[in-house]
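Let me begin by handing over the structure; questions about it come next.
The values are calculated or read from the model by the stated rules, or taken from the named source; none is laboratory data. Since we're looking at a predicted model, the values are computed, not measured. Neighbour counts are summed over all protein chains in view; Cβ atoms, including those assigned to glycine, are modelled from backbone coordinates with ideal geometry. When the accessible area is computed, the model is the full protein with side chains, heavy atoms only, and any ligands, DNA or RNA have been set aside. Shrake-Rupley method; radii C 1.70, N 1.55, O 1.52, S 1.80 Å.
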Amino acid sequence: MTRYYRHFDIRGHAMRLSLLLPHALHCNSHSLPLSSLPLLHRTMAAAATANFESLSPSNTRVGWIGTGVMGRSMCGHLIKAGYKVTVFNRTLSKAQPLIDMGARLAQSPLAVASQSDVVFSIVGFPSDVRSVLLDSTSGALPGLRPGGVLVDMTTSEPSLAAEISAAATIKDCHSVDAPVSGGDRGAKNGSLAIFAGGDKTVIERLSPLFALMGRVNYMGAPGKGQFAKLANQITIASTMVGLVEGIIYAHKAGLNVESYLNAISTGAAGSKSLDLYGSRILKRDFEAGFYVNHFVKDLGICLKECQNMGLALPGLALAQQLYLSLKAHGEGNLGTQALILALERLNNVSLENLASSISAAN
């Protein structure tokens, strides 16, 4: 028996009606231009467009590329909400928790996209973004149907975001750059700040998906989401320097550092960085919520963009050098709160004994 399967782009526009056999509903379709179909079929498509539902588990297949510290939690929220999700990760063990939750494993980004309407990616470096999205033989874009959407949540280069958007447009697809801030805790709690660049209508259509991960903020045209995230990283970098310098100073002055952090947390020096990392630093918990290696990458992109703009941001440059020193000491896979180690080395002090005293008190 022949069935009709409606295709829509993400803005709710009917793209085509495809004649599909029941067993091949999602593959090997034979598509016809809407204008070439009988009047009845065109009327069906128009009616469907008028009553197009918002994105939901019943009408949207999701792909996810990158299941590391952040991606695993973010994707997990979509699965828990009932979405059918197909995942890809180079290291299978990092995807296993999502597979256990019901996600399907694909062997390549292209395979993910061929089974998805919206494909999210959150990987390490711009070169990874280019590979998983644009590679001609294995990338997601070549496997995406017209009307599909790529959503890159990696912190990457604004120029690459614009390039991906242009390539998607050529294929009658859409691309959104939507990097996030909030660390591993924000990812787990679904409270991330999401900076979105691209077609505003497309971003609004994606809001049911974004809402499961945090709060989406529309920043402008393609690439503007990345610019906003880089500005966010500049702010965090100097904040982290101030936080660890204050800790070193308080320690050298003979203060109870835990009491000091509690005291400043409700004053003007309070910050999200203090809330997320203050206690971790004192406990010598340097497990990565966000890797030093990735932060060095982000700050390097910031400095490159500053050079392009003719901007001098000395606080940014200092923070980048301090984080680079961690990488030089083989500490790139620690979390960004490990910045305390660089300041300890500079001043020949150690807060290591604080961790044992805090553990004993608890």
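State whether the residues of region 344-360 include one that is surrounded by 16 or more Cβ atoms within 10 Å (Cβ to Cβ) and either within 19 Å of ALA231 (Cβ to Cβ) or touching a Cys at 6+ places or on another chain (Cβ under 8 Å) (or both). Steps first, please.
Kept after step one, since they are surrounded by 16 or more Cβ atoms within 10 Å (Cβ to Cβ), are these residues of region 344-360: 344, 351, 354.
From what is left, the residues that are either within 19 Å of ALA231 (Cβ to Cβ) or touching a Cys at 6+ places or on another chain (Cβ under 8 Å) (or both) are none.
Checked region 344-360: no residue is surrounded by 16 or more Cβ atoms within 10 Å (Cβ to Cβ) and either within 19 Å of ALA231 (Cβ to Cβ) or touching a Cys at 6+ places or on another chain (Cβ under 8 Å) (or both).
Can you report the number of residues in region 288-320 which are open to solvent by less than 60 Å² (accessible area, probe 1.4 Å), touching a residue at least 24 places away in the same chain (Cβ under 8 Å) and of a type outside the set (Lys, Arg)?
Adding up the residues that qualify gives 17.
May I pose another question? Across region 84-119, what is the total count of residues that are outside any loop (DSSP other than H, G, I, E, B) and touching a residue at least 60 places away in the same chain (Cβ under 8 Å)? Give the steps one after another, and end with the answer.
We begin by selecting, within region 84-119, every residue outside any loop (DSSP other than H, G, I, E, B); these are 84-88, 92-101, 104-105, 109-114, 118-119.
Remaining after also requiring touching a residue at least 60 places away in the same chain (Cβ under 8 Å): 114, 118.
Going through region 84-119 one residue at a time, the tally reaches 2.
Quick check on ASP177: is it modelled with pLDDT under 95 and within 16 Å of the chain's Cα centre (by Cα)?
Values: modelled with pLDDT under 95: no; within 16 Å of the chain's Cα centre (by Cα): yes.
No, not satisfied.
Every residue, every condition in (1) open to solvent by less than 20 Å² (accessible area, probe 1.4 Å); (2) within 22 Å of LEU299 (Cα to Cα), yes or no:
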{"position": "GLY183", "(1), (2)": "yes, yes"}
{"position": "ALA187", "(1), (2)": "yes, yes"}
{"position": "ALA196", "(1), (2)": "yes, yes"}
{"position": "LEU206", "(1), (2)": "yes, no"}
{"position": "MET213", "(1), (2)": "yes, no"}
{"position": "ASN232", "(1), (2)": "no, yes"}
{"position": "GLY242", "(1), (2)": "no, yes"}
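Sticking with this one: Condition test on LEU276, is it closer than 20 Å to GLY182 by Cβ and open to solvent by less than 10 Å² (accessible area, probe 1.4 Å)? Talk me through it step by step, then tell me what you get.
On the way: closer than 20 Å to GLY182 by Cβ: yes; open to solvent by less than 10 Å² (accessible area, probe 1.4 Å): no.
For LEU276, the condition - closer than 20 Å to GLY182 by Cβ and open to solvent by less than 10 Å² (accessible area, probe 1.4 Å) - is not met.
Under 27 Å from VAL296 (Cβ atoms), at pLDDT 95 or above, of a type in the set (S, T, N, Q) and out of contact with any helix residue (DSSP H, G or I) (no Cβ under 6 Å at 6 or more places or on another chain): is that true of ASN256 in this structure?
Values: under 27 Å from VAL296 (Cβ atoms): no; at pLDDT 95 or above: yes; of a type in the set (S, T, N, Q): yes; out of contact with any helix residue (DSSP H, G or I) (no Cβ under 6 Å at 6 or more places or on another chain): yes.
Answer is no for this residue.
If we scan region 150-165, do we find a residue that is touching a residue at least 40 places away in the same chain (Cβ under 8 Å) and more than 14 Å from LYS224 (Cα to Cα)?
no
Exactly one condition in (1) open to solvent by less than 30 Å² (accessible area, probe 1.4 Å); (2) modelled with pLDDT of 95 or more; (3) in a loop (DSSP other than H, G, I, E, B) is false for ASP285; which is it?
Checking ASP285 against (1) open to solvent by less than 30 Å² (accessible area, probe 1.4 Å); (2) modelled with pLDDT of 95 or more; (3) in a loop (DSSP other than H, G, I, E, B), the one that fails is (1).
Which is closer than 21 Å to GLY182 by Cα and either of a type in the set (Ser, Thr, Tyr) or in a helix (DSSP H, G or I) (or both), of LEU322, LEU299, LEU341?
Being closer than 21 Å to GLY182 by Cα and either of a type in the set (Ser, Thr, Tyr) or in a helix (DSSP H, G or I) (or both) holds for just one of LEU322, LEU299, LEU341, which is LEU299.
Just one of (1) assigned to a helix (DSSP H, G or I); (2) touching a Ser or Thr at 6+ places or on another chain (Cβ under 8 Å) trips up ARG72, so point out which.
Unmet for ARG72, out of (1) assigned to a helix (DSSP H, G or I); (2) touching a Ser or Thr at 6+ places or on another chain (Cβ under 8 Å): (2).
Among the candidates VAL149, VAL202, which residue alone is open to solvent by less than 30 Å² (accessible area, probe 1.4 Å), modelled with pLDDT of 95 or more, closer than 21 Å to ALA111 by Cα and touching a His at 6+ places or on another chain (Cβ under 6 Å)?
Within the list VAL149, VAL202, the selection yields VAL149.
Something else now. Give all pairs with beta carbons closer than 6 Å in which a residue from region 235-246 that is under 19 Å from GLU352 (Cβ atoms) and in contact (Cβ under 8 Å) with a residue 60 or more places away in the chain meets a residue that is in a helix (DSSP H, G or I) and open to solvent by 50 Å² or more (accessible area, probe 1.4 Å); count only pairs at least 6 apart in sequence or on separate chains.
The qualifying pairs do not exist here.
Just checking, does region 247-260 include any residue being open to solvent by 50 Å² or more (accessible area, probe 1.4 Å) and of a type in the set (S, T, N, Q)?
yes
Then there is this: Among SER175, SER121, which is open to solvent by less than 10 Å² (accessible area, probe 1.4 Å) and of a type in the set (Gly, Ala, Ser)? If you could, list the steps in order and put the result at the bottom.
Values: SER175 fails: open to solvent by less than 10 Å² (accessible area, probe 1.4 Å).
Every option except SER121 fails the conditions.
If you don't mind, another one. Being among the aliphatic types (A, V, I, L, M) and surrounded by fewer than 21 Cβ atoms within 10 Å (Cβ to Cβ) is the filter here; which residues of region 215-227 pass it?
Of the residues in region 215-227, the ones among the aliphatic types (A, V, I, L, M) are 216, 219, 221.
The answer is ALA221, and nothing else.
How many residues are under 19 Å from PHE210 (Cβ atoms) and open to solvent by 20 Å² or more (accessible area, probe 1.4 Å) if we restrict to region 84-118?
2
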